[in-house]
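One structure is given here, and the rest of the page talks about it.
The values are calculated or read from the model by the stated rules, or taken from the named source; none is laboratory data. Note that the structure is predicted; figures quoted are calculated from it, not measured. Ideal geometry is used to build each Cβ from the backbone, glycine not excepted, and the neighbour counts take in all protein chains shown. In case anyone asks, the SASA skips ligands and DNA or RNA and just uses the protein heavy atoms, side chains included. Shrake-Rupley method; radii C 1.70, N 1.55, O 1.52, S 1.80 Å.
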Amino acid sequence: MAGIYVYSDKKDLAAELVGFAKGCGKRAIVLTFDERAAKDLSNSGADKVCLLKGDSELVENYGKSIAHLLAEQGAELFVVGATVSGRDIAARVAGYLDCAMVSEASSITYTDGKLVTERMMYGGSVQQSEVLEGLCVVTVRAGKFEAISGAAEVTTLEISADTRTTLVERKDIVKEGADLSVAERIVCVGMALDKREDLQIAHDLAAVLGAEVGCTRGVAEEKHWLPVEQYIGMSGAVVKPKLYLSMGVSGQIQHVFGIRDSQIIVAVNTDPKAPIFKAADYGIVGDMYQVIPLLTKTLKGA
Amino acid sequence: MSSLVTSNTTLSSLTDEQQLILNNVREFVQTEVKPRAPQIDKTAQFPHDLFKRCAELGLTGLAIDEEYGGLGQGVLMEQLVMEEIAKECPVLALILDAHLLSYRLINHFGSKEQKKRFIPPTASGAQITAMASTEATGSTNFAEQQPMGKRDGDGIILNGTKLFTTNSDVAGFYIVQGMVDGEFVNVIVEKGTPGLETGAIDHKLGMAGSSTGTVRFKNLRVPKENILAEHSDVQDASFALCFLNISSISIGLAEGVLEKTKTYLLNRTRNHKPLAGFQVVAHHLAKMQTQIELAKSILERAAKLYDEGRPDVVLTFMTKAFACEMAVDVANLCIQLHGAAGYMEETGIARYLRDAKCNTIGEISTDIHYDYIALRMGLPIDTSFPLFG
Amino acid sequence: MSKVIACYKWVADETDIKVNADSTLDISKAKGKISDYDRNAIEAAVQAAGALGGTAVALTFGTPKAKQSLKDALSRGPAEACYINAEEAARADGAVTAKALAAAVKKIENVSLVVCGEGASDTYARQTAPRIGAVLDWPVITSVSSVRFDGNALIAVRRLEDCMQTVKSELPAVIAVLPEMNSAPIPGLKAVLSAGKKPVTEFKAGDLGVDFAPKTTVSALKAYAMNRKSVIFSEGEIADKVKELTAALRKEGVL
C-alpha cells in the first residue's frame with residue numbers, strides 16, 4: 001500500500017506522526033513490533049496498523065526487512081520517531097534503500113509534491129532546508145505534531161530478522177532526578193561550579209522554585225557530579241520548561257540546542273560575553289556563588 | 001577565542017606538528033588550566049595536578065634533547081608554549097621555566113654521566129627541579145657572596161641559605177650555585193640529603209603557588225658525582241635563555257589580561273555604547289596591542305638567533321627588560337580600564353598585575369639588564385659584572 | 001592482523017562561523033577540526049585494536065582541505081590513516097558519505113570493526129554508522145556506552161532513553177560510540193611529533209567506484225535567529241540585580 005509509513009518505539013510519538021501523515025492528505029501506515037501499541041494505535045486515525053512479528057527481540061534487527069517492505073509496498077516516505085532506536089532503524093533503512101534521509105527535522109511539509117524539510121546544523125546555530133524526491137526517510141522528535149483519532153485496521157505480518165546481534169541483558173536506568181523533558185522548571189548547573197558539594201546551592205534554589213536540577217555535558221560527563229541523564233543539550237536531554245535558570249553555564253550552542261523551547265531562559269554568569277546571555281530572556285552578570293544564594297533567599301522571603 | 005590583530009607572522013613559519021602542539025596546548029590551557037588559575041592564586045598551593053598534566057603532555061621535556069627523553073623542540077617553540085600557558089596562568093609557566101632552567105644548567109655544566117642521570121627525570125617531569133643561587137647579600141654578584149661551603153676531599157660541604165628559590169619546597173633536586181673556596185661552582189643537591197631544609201614563603205605579591213622560598217644547608221655533603229664541571233667563566237648564553245622564557249611569560253600574561261579587558265570593555269556600555277568604542281579607551285587598547293606586538297617581535301628575533309646557534313645575549317637582555325616592564329604597564333592599565341571591578345579579585349584581572357611585577361625582578365631585575373646594556377654601549381658605568389662580564 | 005577503523009570527519013569549527021547581515025553564513029574563515037565526538041571514536045578504536053590485537057586505522061572522507069587533519073588524527077593513537085580525497089565530499093549527504101567510507105573499508109581489507117562517533121559536530125545527523133553497516137551488510141550497534149570483546153564476539157552496552165541494553169554481535173561489525181565511552185585525551189607532544197612518520201593511504205574519488213551524487217538537495221542554509229528578550233542586569237549591586245530579576249520573573253508568571 002502506497003502512503004507514508006510511520007514507526008516509533010514510543011507509541012505517543014507514532015500517533016503524532018500519523019497526525020502528520022494524515023495532515024498531508026496521505027495514507028498513513030503504522031509499523032509496530034508491540035502488540036499493546038498496535039491495539040492503542042488502532043485508534044490513531046491511521047489507515048492501517050501493521051503488527052510486525054519476527055525472531056528477534058531487538059527492533060533494530062529488522063532494518064533490512066523494513067527496507068524491503070517499504071520498497072515492495074511503494075511507500076512514499078518513512079517517517080520515524082527520533083529516539084535512540086528509531087534513529088538507528090531509520091538510518092539502516094535509508095542505507096539499505098540507498099535513499100535520502102533527514103535526521104531530526106524541525107519542519108517537514110509537502111510543497112508542490114516535493115518534500116521540504118528543515119533541520120538544525122552546527123549545534124543549532126544554523127538551519128538547513130532540503131528538498132527530497134522519491135522514497136526517503138525522515139526522523140522527527142516528539143511534540144512536533146498533534147495526534148488525531150480514528151479507527152484503523154490491524155494486520156499482522158511475519159518479518160525476518162538479522163539475528164547476528166542478540167540481546168544479552170536490559171537494565172532499566174534508575175533515574176536519580178526527575179525526567180527533565182517534562183519538568184516545568186529547571187535549574188541548570190554549568191562548569192563554573194568549583195566542586196561537587198557546591199551543587200547544594202542549586203538544590204536549595206530548586207527547592208524554592210519547585211524545580212529539577214539539570215546540568216551541562218561537562219558536569220555530567222567530565223566531572224561526573226550528576227548522572228548522565230541530567231545533562232541538557234544536543235546529545236542529552238532536550239527540555240521545554242516554563243522556566244530554565246542557568247548558573248555558571250557558558251552557553252555552548254550544543255547546550256542551547258537543548259533549552260531553546262523553554263518559555264523563559266535566565267542566565268547567571270560572571271562573563272558578560274558568555275553566549276548564554278544571547279540565548280537568555282533575563283540575565284545577571286555576576287558570580288553565581290553570590291547571586292544564587294541571594295536569589296534563593298529573596299524567593300524564600302517572598 | 002578571538003584572535004588578535006596580528007601575530008600570525010610567527011605562526012605561519014611553524015610546521016604542521018608545531019601548529020598541532022600549540023593547538024593542543026591551547027586546548028589544555030583553556031579546558032584544564034584556566035578553571036584552576038584563580039584557585040591557585042587564592043590558595044597559593046603548588047599545582048601538582050597541573051605539573052603532572054604538563055609532564056604527561058610532554059611540556060616538561062619540550063626543549064630537552066631527544067636522547068634524554070625530551071622532544072628536542074627549539075627555543076622559539078618553547079617561547080610560544082610559555083606564552084600560551086601564561087595567558088591564563090602565569091605561575092604555571094613560571095614553574096615550568098624554573099624547571100627548565102635547571103635542565104639548562106646541567107646540560108651546560110654537567111658531565112655525560114650527570115646528564116644521563118639527571119636530565120631524563122627532568123624531561124619526563126618525574127622530578128620537579130629548582131635552581132638556588134640568591135643569597136641575602138644579593139644574587140648577581142657572586143664575588144660578594146659569602147662562601148656557601150668548602151672543599152672536603154673530593155666533595156663539598158655546604159653551609160648557608162639560598163633565598164627566593166622557585167619550586168623550593170617541591171623539587172626533587174636543586175642546582176645550587178655559589179662560591180666555594182673562592183671559586184664559582186654549580187652542584188646538584190638531591191632531596192633527602194642529610195642537612196637539607198626547604199621552605200616556601202606563604203605570602204608574596206604575586207605568582208602565588210610557585211613554592212618560592214628558602215633552601216638551607218647544614219653541613220650538607222655534596223659527593224663528587226654531584227659537582228658539575230667547574231667553569232670560572234659563567235657568562236653563558238644558555239643560562240640567559242631563562243630571560244627569554246620570562247619574557248614569554250610576560251607577553252602571554254599581557255595578552256591574557258588585554259583580551260579579558262577588551263571583552264569587558266566591548267560589553268560594558270555607557271549611553272548604550274560600548275566603552276571600547278570611546279576613542280580614549282580604544283586608543284589605550286590599541287597602544288597596548290602595539291606594545292605586545294613589539295615585545296613579540298623582539299622575542300621572536302632573539303629566540304630565532306638561539307635556534308640558529310648564534311645567540312645574542314644583549315638582545316636577550318633587552319627583550320626581558322622590555323617585555324617584563326611592558327606587561328606591568330599593560331596589567332596596570334587594564335585594571336584602570338576596569339574601574340572598581342578591576343580592583344576586585346573576583347573579576348580575575350588584579351592577579352595579572354601582581355603576577356607581572358614578579359618578572360621585572362625575578363631572574364635578575366630590569367635595572368641589572370640596563371646596567372649590562374649600558375656597559376655594552378660603552379658607557380662608563382660604574383659596575384663590576386662577574387656574572388656576565 | 002585485523003584492522004579496527006575509526007571514521008572521523010574534518011569539520012569547520014562552529015565557533016569561527018560568521019553570520020552575515022542577511023543571515024547567510026560565512027564559513028570561509030573557519031578553522032578545521034576533528035569533529036568533537038569523533039575524537040572519542042578514534043580513542044575507542046585505538047583501545048579496541050589493543051583488545052583485539054589488531055591495528056587502529058583512522059579513516060576520513062573529505063575535500064583536499066581535510067589532508068591537514070591526518071597528523072592530528074594520527075597523533076591520537078592510530079597506527080595508520082586512510083584518506084578519501086574527493087571534492088565531492090563538500091556536497092556529500094549521509095548516503096554518499098556512508099558509501100564512500102564503506103568502499104574504503106572494503107579496500108582496506110581484513111577489517112574486524114568500524115568505529116564511528118555518534119554524530120558529527122556540523123550535521124549531527126547520526127546516520128553514518130547504521131548506513132555503513134547497511135552498505136556492507138554488517139551488524140551495527142549504535143549509542144554504545146562501553147564495549148568488550150570475547151573471541152570473535154563483541155559485547156556492547158547501549159544507552160537508550162530508559163535502559164542500558166547489553167547486546168552481543170559477531171565481528172566484523174560497525175559501532176557508533178557515545179562521548180561517555182572514553183575521555184579522548186589531548187594527545188601528548190611526543191605523539192604529535194611522531195604522527196608524521198605513520199603511513200597514510202590516499203584514495204581518490206575515482207578509485208572507489210562509488211556514486212557521489214547526493215540524494216538530498218540543500219535549498220537554503222541560514223543562521224538560526226535566536227529571538228529572546230536578552231534583558232541583562234550587569235550594573236550595580238548584586239542585591240539590586242536579584243531584585244530586578246525576581247520582579248521580572250514574577251511578571252512573566254513563571255515563578
**Request:** For residues that are among the polar types (S, T, N, Q) and either within 7 Å of chain A (Cβ to nearest Cβ) or part of a loop (DSSP other than H, G, I, E, B) (or both), scanning just the stretch C:131-169, find the one that is surrounded by the fewest Cβ atoms within 10 Å (Cβ to Cβ).
**Result:** C:Asn152
**Asked** Within the stretch A:226-233, can one find any residue that is closer than 23 Å to B:Glu345 by Cα and outside the structural domain of A:Arg119 (by TED's automatic domain parsing)?
**Response** no
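Just need a number here: residues in the stretch A:98-143 that are among the polar types (S, T, N, Q), within 7 Å of chain C (Cβ to nearest Cβ) and either out of contact with any strand residue (DSSP E or B) (no Cβ under 7 Å at 6 or more places or on another chain) or open to solvent by 10 Å² or more (accessible area, probe 1.4 Å) (or both).
Qualifying residue count for the region: 4.
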**Selection within the stretch A:163-183 - within 7 Å of chain C (Cβ to nearest Cβ) and among the basic types (Lys, Arg)** = A:Arg164, A:Arg170, A:Lys171
**Request:** For the stretch A:50-71, indicate whether the set of residues that are β-branched (Val, Ile, Thr) and under 19 Å from the mean Cα position of the chain (by Cα) is non-empty.
**Result:** yes
**Request:** May I ask you to say which residue of A:Ser250, A:Ser246 is of a type in the set (S, T, N, Q), surrounded by fewer than 24 Cβ atoms within 10 Å (Cβ to Cβ), within 24 Å of A:Ala178 (Cα to Cα) and assigned by TED's automatic domain parsing to the domain that holds A:Ala207?
**Result:** A:Ser250
**Item:** When residues of the stretch A:217-233 are limited to those that are in contact (Cβ under 8 Å) with a residue 24 or more places away in the chain and open to solvent by less than 20 Å² (accessible area, probe 1.4 Å), the one farthest from the other protein chains (Cβ to nearest Cβ)
**Value:** A:Ile232
**Prompt:** Regarding A:Ala91, is this residue assigned to a loop (DSSP other than H, G, I, E, B), in contact with a strand residue (DSSP E or B) (Cβ under 8 Å, 6 or more places away or on another chain), within 12 Å of chain C (Cβ to nearest Cβ) and not aromatic (Phe, Trp, Tyr)?
**Reply:** no
**Fill in**
How many residues of the stretch C:170-200 are in a strand (DSSP E or B), out of contact with any Phe, Trp or Tyr (no Cβ under 7 Å at 6 or more places or on another chain) and open to solvent by 30 Å² or more (accessible area, probe 1.4 Å)? The answer is 1
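Residues checked against (1) closer than 24 Å to B:Leu22 by Cβ; (2) in contact with a helix residue (DSSP H, G or I) (Cβ under 9 Å, 6 or more places away or on another chain):
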| residue | (1), (2) |
| --- | --- |
| C:Glu161 | no, yes |
| C:Glu180 | no, yes |
| C:Ser183 | yes, yes |
| C:Val192 | yes, yes |
| C:Val200 | yes, yes |
| C:Lys204 | no, no |
| C:Asp207 | no, yes |
| C:Phe212 | no, yes |
**Message:** All but one of (1) assigned to a helix (DSSP H, G or I); (2) assigned by TED's automatic domain parsing to the domain that holds A:Ser107; (3) of a type in the set (Asp, Glu) hold for A:Glu197; state the number of the condition that does not hold.
**Reply:** (2)
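Per-residue answers, yes or no, for (1) in contact with a strand residue (DSSP E or B) (Cβ under 7 Å, 6 or more places away or on another chain); (2) of a type in the set (Lys, Arg); (3) free of Cβ contacts under 8 Å to residues at least 60 places away in the same chain; (4) surrounded by 16 or more Cβ atoms within 10 Å (Cβ to Cβ):
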{"site": "B:Leu299", "(1), (2), (3), (4)": "no, no, no, yes"}
{"site": "B:Gly309", "(1), (2), (3), (4)": "no, no, yes, no"}
{"site": "B:Ala331", "(1), (2), (3), (4)": "no, no, no, yes"}
{"site": "B:Ile373", "(1), (2), (3), (4)": "no, no, yes, yes"}
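Just for the stretch A:72-88: of the residues that are in a loop (DSSP other than H, G, I, E, B) and more than 7 Å from every other protein chain (Cβ to nearest Cβ), which one is farthest from the chain's Cα centre (by Cα)? Before the answer, list the steps.
Taking the stretch A:72-88 first, the residues in a loop (DSSP other than H, G, I, E, B) are A:74, A:82-83.
This time we only want the ones that are more than 7 Å from every other protein chain (Cβ to nearest Cβ), so: A:74, A:82.
Working: A:Gly74: 28, A:Ala82: 6 Å.
That would be A:Gly74.
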**Request:** Write out, first by first residue and then by second, each pair whose Cβ atoms fall under 7 Å of each other, whose residues are 6+ apart or on separate chains, and whose first residue, in the stretch A:168-195, is basic (Lys, Arg) while the second is part of a loop (DSSP other than H, G, I, E, B).
**Result:** A:Arg185/A:Gly210; A:Arg185/A:Ala211; A:Arg185/A:Pro241; A:Arg185/A:Lys242
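Restricting the stretch C:73-110 to residues that are within 14 Å of chain B (Cβ to nearest Cβ) and farther than 17 Å from C:Thr201 by Cβ, which is surrounded by the fewest Cβ atoms within 10 Å (Cβ to Cβ)? Talk me through it step by step, then tell me what you get.
Of the residues in the stretch C:73-110, the ones within 14 Å of chain B (Cβ to nearest Cβ) are C:73-77, C:81.
This time we only want the ones that are farther than 17 Å from C:Thr201 by Cβ, so: C:75-77.
Working: C:Ser75: 25, C:Arg76: 25, C:Gly77: 21.
Per the criteria, the residue is C:Gly77.
Residue-by-condition table, conditions (1) more than 30 Å from C:Met226 (Cβ to Cβ); (2) without any contact (Cβ under 8 Å) to a residue 24 or more places away in the chain; (3) not in a loop (DSSP other than H, G, I, E, B):
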{"position": "C:Ala6", "(1), (2), (3)": "yes, no, yes"}
{"position": "C:Thr15", "(1), (2), (3)": "no, yes, yes"}
{"position": "C:Ser28", "(1), (2), (3)": "no, yes, no"}
{"position": "C:Ala66", "(1), (2), (3)": "yes, no, yes"}
{"position": "C:Ile84", "(1), (2), (3)": "yes, no, yes"}
{"position": "C:Ala98", "(1), (2), (3)": "yes, no, yes"}
{"position": "C:Ala104", "(1), (2), (3)": "yes, no, yes"}
{"position": "C:Ser112", "(1), (2), (3)": "yes, no, yes"}
**Request:** Under 6 Å between Cβ atoms, at least 6 apart or on separate chains: pull out the pairs that start in the stretch A:47-58 with a residue that is part of a strand (DSSP E or B) and end on any residue that is charged (D, E, K, R).
**Result:** A:Lys48/A:Glu153; A:Lys53/A:Glu158
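Taking only the stretch A:56-80 into account, find how many residues are on the phi > 0 side of the Ramachandran plot and in contact with a strand residue (DSSP E or B) (Cβ under 6 Å, 6 or more places away or on another chain). Walk me through it before giving the result.
Start the filter on the stretch A:56-80 by keeping residues that are on the phi > 0 side of the Ramachandran plot, which leaves A:74.
Filter again for in contact with a strand residue (DSSP E or B) (Cβ under 6 Å, 6 or more places away or on another chain), leaving none.
The qualifying residues number 0.
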**Prompt:** Is the stretch C:33-50 home to any residue that is modelled with pLDDT of 95 or more, open to solvent by 50 Å² or more (accessible area, probe 1.4 Å) and away from every other protein chain (no Cβ under 14 Å)?
**Reply:** yes
